[in-house]
Amino acid sequence: MNIKTATYLISSPSVEQCPKGDKPEYAFIGRSNVGKSSLINMICNIQTLAKTSGSPGKTQLINHFDVKSIDEKTHKVNSWYLVDLPGYGYAKVAQGKRKQWVKMIENYIRKRENLINLFVLIDSRHTPQQIDLEFINQLGEWNIPFTIVFTKADKSTQKEVAATVKTFLNALAKTWQFLPQSFVTSAVKYRGRKEILAFIDECNKKVEEQAGSQK
């Protein structure tokens with residue numbers, strides 16, 4: 001699958017104000033400063049698509065991007081939404097504002113019916129963080145489909161990244177019988193882009209098949 005176009009559509013303060021859920025939707029979330037915007041730009045191959053910032057908490061709304069991709073074999077054009085969600089965890093904002101973010105994110109994740117998959121970003125340089133483990137466990141309780149994306153793999157050696165990923169997944173295995181699918185990425189080296197796009201393409205095809213069987 002190749003990305004043909006990816007354009008910013010709208011920023012919404014609540015799930016109720018999001019665009020009509022008439023397309024498959026894939027959202028990206030992680031702790032502040034995990035490299036979310038850089039990853040989104042890498043996936044879409046447009047370095048100015050999502051705004052990057054050195055200041056945690058820059059993303060404060062539900063940001064929708066309209067993406068059109070082409071199937072390499074059939075040349076069919078597919079249309080879907082990519083969503084940039086506010087980061088969870090540390091950010092220099094007032095407590096009240098942070099609570100608003102938490103509620104907004106929860107409402108979006110639990111109520112957005114066309115959300116096909118939530119990509120949860122984890123910094124591959126760090127040991128397992130309790131806030132990440134708790135967030136993933138919460139997704140399990142809510143029965144939300146998700147995958148894990150380990151970011152910034154270029155910041156460490158392959159051996160170090162592999163060890164960190166293994167440690168995180170082992171920590172997750174304490175509460176999960178079956179581990180979720182995961183990807184290792186680098187926005188600098190474009191690592192993991194092909195795999196994530198292939199995953200989205202596979203999901204889109206399943207959505208299309210289900211829609212066809214219901215007609």
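The values are calculated or read from the model by the stated rules, or taken from the named source; none is laboratory data. Since the structure is predicted, the reported quantities are computational estimates derived from the model, not experimental observations. Counting neighbours? That spans all protein chains shown, and the Cβs are built from the backbone with ideal geometry, glycine included.
Inside the stretch 96-114, residues that are surrounded by 19 or more Cβ atoms within 10 Å (Cβ to Cβ), farther than 21 Å from residue 150 by Cα and modelled with pLDDT of 95 or more make up a count of 2. Considered as a group, the residues in the stretch 21-40 that are surrounded by 19 or more Cβ atoms within 10 Å (Cβ to Cβ) and in a helix (DSSP H, G or I) include one that is modelled with the lowest pLDDT, and that residue is 37.
Take residue 166 and tell me if it is more than 20 Å from residue 38 (Cβ to Cβ), surrounded by fewer than 16 Cβ atoms within 10 Å (Cβ to Cβ) and at pLDDT below 95. Outline the logic, then answer.
Working: more than 20 Å from residue 38 (Cβ to Cβ): yes; surrounded by fewer than 16 Cβ atoms within 10 Å (Cβ to Cβ): yes; at pLDDT below 95: no.
Judged against the criteria, residue 166 is not a match.
Scanning the stretch 115-129 for residues that are surrounded by fewer than 21 Cβ atoms within 10 Å (Cβ to Cβ) and of a type in the set (S, T, N, Q) gives 117, 127, 129. Scanning the stretch 130-160 for residues that are farther than 20 Å from residue 107 by Cα and either charged (D, E, K, R) or loosely packed, with under 12 Cβ neighbours inside 10 Å (or both) returns 130, 152, 154, 155, 157, 158, 159, 160. Residue by residue through the stretch 53-74, note down the ones that are at pLDDT below 85 and either within 15 Å of the chain's Cα centre (by Cα) or among the charged types (D, E, K, R) (or both). Once the filter is applied, which keeps residues that are at pLDDT below 85 and either within 15 Å of the chain's Cα centre (by Cα) or among the charged types (D, E, K, R) (or both), the stretch 53-74 yields 58, 59. Which ones in the stretch 165-186 are touching a strand residue (DSSP E or B) at 6+ places or on another chain (Cβ under 7 Å) and under 25 Å from residue 41 (Cα atoms)? Passing the criteria: 165, 180, 181, 182, 183, 184, 185.
Could you grab me the full set of residues in the stretch 156-173 that are out of contact with any Leu (no Cβ under 7 Å at 6 or more places or on another chain) and closer than 25 Å to residue 26 by Cβ? Talk me through it step by step, then tell me what you get.
Kept after step one, since they are out of contact with any Leu (no Cβ under 7 Å at 6 or more places or on another chain), are these residues of the stretch 156-173: 156-168, 170.
Hits for the stretch 156-173 are 161, 164, 165, 168.
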